[in-house]
Amino acid sequence: MIFSYTMIKYRQMIIVSACLAGMNTRYDGTNCGHPEIIELVASGKAIPLCPEQLGGLPTPRPAISFVDGDGNELIKETIGVRAIGADGVDYSKNLINGAMETLRIARMFNIKKAIMKEGSPSCGVFRVWVNSRKVEGCGATTALLKKNTIMIEAME
Ligand code: SF4
């Protein structure tokens, strides 16, 4: 019994993008579940989080893309960089708040690694939409987690 408690206490959890775990958190209310990620969550090894929902956005919601910089620039609050929805609304604060909330939870669980959905303005790892083009760059949450030494893996 003591042994099992110790195993639970010290097991290293990871964070995964909620949509990769089969949750309908994407902007259009769908998911992009992968069996191996669903299994990680089901076996208690991963915590599914959606930074955009944590940042106060509803689902479904307008698709969001960057203007004049990626998530890294957004969290640095570089002048002119914004996250704009297909409805023309500025969602920069929501993306920043979602990134901060995800980091807060990561610290709570001593998370060292995350598997994030490629291409998203929050979770993207190598590519995001900037000025209507998919370019090299990362999402706001990925940028903040990386800055705090959390290792990130990308999944399409
Ligand atoms: S990519 Fe990230 S922000 Fe977008 S739905 Fe998935 S978990 Fe949420």
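Any read-out appearing in this document is the output of simple, stated calculations on the displayed coordinates, not a laboratory observation. Note that the structure is a prediction, hence the values are computed from the model and not measured. FYI the Cβ positions are ideal-geometry reconstructions off the backbone, even for glycines, and counts take in every protein chain you see.
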Mean-square fluctuation check for the chain, GNM, Cα pairs under 10 Å: which of 105, 37, 15 is largest? 105
Given 0.36 nm per residue, what is the gain on full extension from residue 156 to residue 24 after removing their alpha carbon distance, in nm? 46.0 nm
One would report the antiparallel percent of DSSP beta bridges in the chain, rounded to the nearest 5, as 45 percent
Rounded to the nearest 500 deg cm²/dmol, what is the calculated helix-only ellipticity per residue at 222 nm for the chain, with -39500 (n - 2.57) per DSSP H run of length n ≥ 4? -9000 deg cm²/dmol
Rounded to the nearest 20 debye, dipole of the chain from Cβ charges on Lys, Arg, Asp, Glu: 540 debye
0 to 90° range, to nearest 10: angle between helix 92-108 axis and the chain longest Cα axis: 10 degrees
Assuming R0 = 22 Å, can you tell me the calculated FRET efficiency for the pair residue 147 and residue 63, based on Cβ-Cβ distance, to the nearest 0.05? 0.30
Antiparallel DSSP beta bridges within region 79-153, as percent of all bridges there, nearest 5: 60 percent
Which is the longest run of the chain containing none of the chymotrypsin sites (Phe, Trp or Tyr not before Pro) found in DSSP loop states (not H, G, I, E, B) with at most 14 other C-beta atoms within 10 Å? 1-108
Express in whole angstrom the spacing between the alpha-carbon centres of region 108-152 and region 4-76. 11 Å
Normalised Cα Rg of region 50-156, dividing by 2.2 N^0.38 Å with N its residue count, works out at 0.96
Using a Gaussian network model of the chain whose springs link C-alpha atoms within less than 10 Å, name the residue from 71, 119, 139 with the highest mean-square fluctuation. 119
Using the 10 angstrom Cβ neighbour count as an exposure proxy, how do 36, 52, 101 rank, fewest first? 36, 101, 52
